[in-house]
1. Measure up Lys76/Lys171; Lys18/Lys112; Lys35/Lys159; Lys76/Lys180; Lys79/Lys112 against 29 Å on the Cα-Cα distance and list the ones that go over.
2. Within 10 Å of each residue's Cβ, count the other Cβ atoms and sort Met224, Met163, Met1 from fewest upward.
3. Quick one: if you stick a label point 7 Å off each Cα along the C-beta vector at Lys79 and Glu148, how many nm between them?
4. How would the stretch 33-156 be classified by its alpha-carbon gyration tensor: rounded, prolate or oblate, with rounded meaning a/c under 1.5 and the a/b versus b/c comparison settling the rest?
5. Could you work out how far apart the two model spin labels at Glu55 and Glu183 are, taking each label as a point 7 Å from the Cα in the direction of the beta carbon, and quote it in nm?
6. Arrange the following residues from fewest to most other Cβ atoms within 10 Å of their Cβ: Cys119, Cys213.
7. Using a simple charge model, +1 on the beta-carbon of Lys and Arg, -1 on the beta-carbon of Asp and Glu, nothing else, what dipole does the chain show about its Cα centre, in debye to the nearest 20?
8. Just the Kirkwood number for the chain, please: inverse of mean 1/r across all distinct Cα pairs, in Å, one decimal.
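FYI, it's all coordinate maths here, none of it is from the lab. Note that the coordinates shown come from a computational prediction; the quantities given were computed from them, not determined experimentally. Glycine gets a Cβ as well: all are built from the backbone with ideal geometry, and neighbour counts include every protein chain shown.
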Amino acid sequence: MSLTIAAFQMPFATSRRKQNLELILTRLQLSEIQKVDLVVFPECFLTGYFTNVAEASVVALDLESAKFQDILYQLKPFKSTIVLGLIESVGANLFNTAVVISNGKLLGKYRKTHPNEKCFLAGDKYPVFTVSNTNFGINICSDANFPEAAARVAVAGAKIIVMPLNNALPKEIAANWREKSPENLRLRAIETGCYIVSADVTGNHHSSLSYGCTQIYSPTGELMNAVSEFEIGVASASIFKENL
């Protein structure tokens, strides 16, 4: 028996949630045909990734709202467990959040614990979720710079750590992270003994650039699969249950 994972490298998301959701649904349809167990999308992809309060507040979603319930309804046909990034609102507070959804049900959420964006509050919990009898946890983007974030998930029993990323950076800074971001993922795999699965955006957007860092690492730090830089695509892997 094996667990199949798919991590999608996507174009930059916009502030148009409907458009972003259409891209998500297209990928999920492919994953459903291929019977993928766990699907991972980039950081804040559903709402678009915005780092100032004014823009982030406009696109943010209250997970108790009718808008979010409608999104869950549209995801109901899909059996895959989905990790989907969004900007979450709780009253006037904003969080950089990844939700976990299956068959249109919200199974839980992880809030970025080391946000490098001033508009987001930090989360303080490291929940573990289950897919096909296998535990997994979540870190988001800059969390990967902090070994204790991955360690907390591993100690809680996760065998897989999924990492939604959004490496949209000014061009000079993006170049500096071109090798550092994959190396962070590799190190977190070795340190925790977990599989690491990242999903990133890629391309040019105004003054920002992302090479794309959508990759899957084994617990020994071996690169199992990756999407090429600047390509829209998917990294997938089947992990045998006896290796988890």
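1. Details: Lys76/Lys171 39 Å; Lys18/Lys112 24 Å; Lys35/Lys159 20 Å; Lys76/Lys180 37 Å; Lys79/Lys112 26 Å.
From the list (Lys76/Lys171; Lys18/Lys112; Lys35/Lys159; Lys76/Lys180; Lys79/Lys112), the Cα-Cα distance tops 29 Å for Lys76/Lys171; Lys76/Lys180.
2. Working: Met224 18, Met163 31, Met1 8.
So the ranking, lowest neighbour count to highest, is Met1, Met224, Met163.
3. 4.2
4. Values: a/c = 1.99, a/b = 1.11, b/c = 1.79.
Here the stretch 33-156 falls in the oblate category.
5. With each label point 7 Å from Cα toward Cβ, the separation is 2.9 nm.
6. On the way: Cys119 19, Cys213 28.
In increasing order of surrounding Cβ atoms, one gets Cys119, Cys213.
7. Numbers: 22 positive and 22 negative charges, 90 e Å.
I would put it at about 440 debye.
8. 17.5
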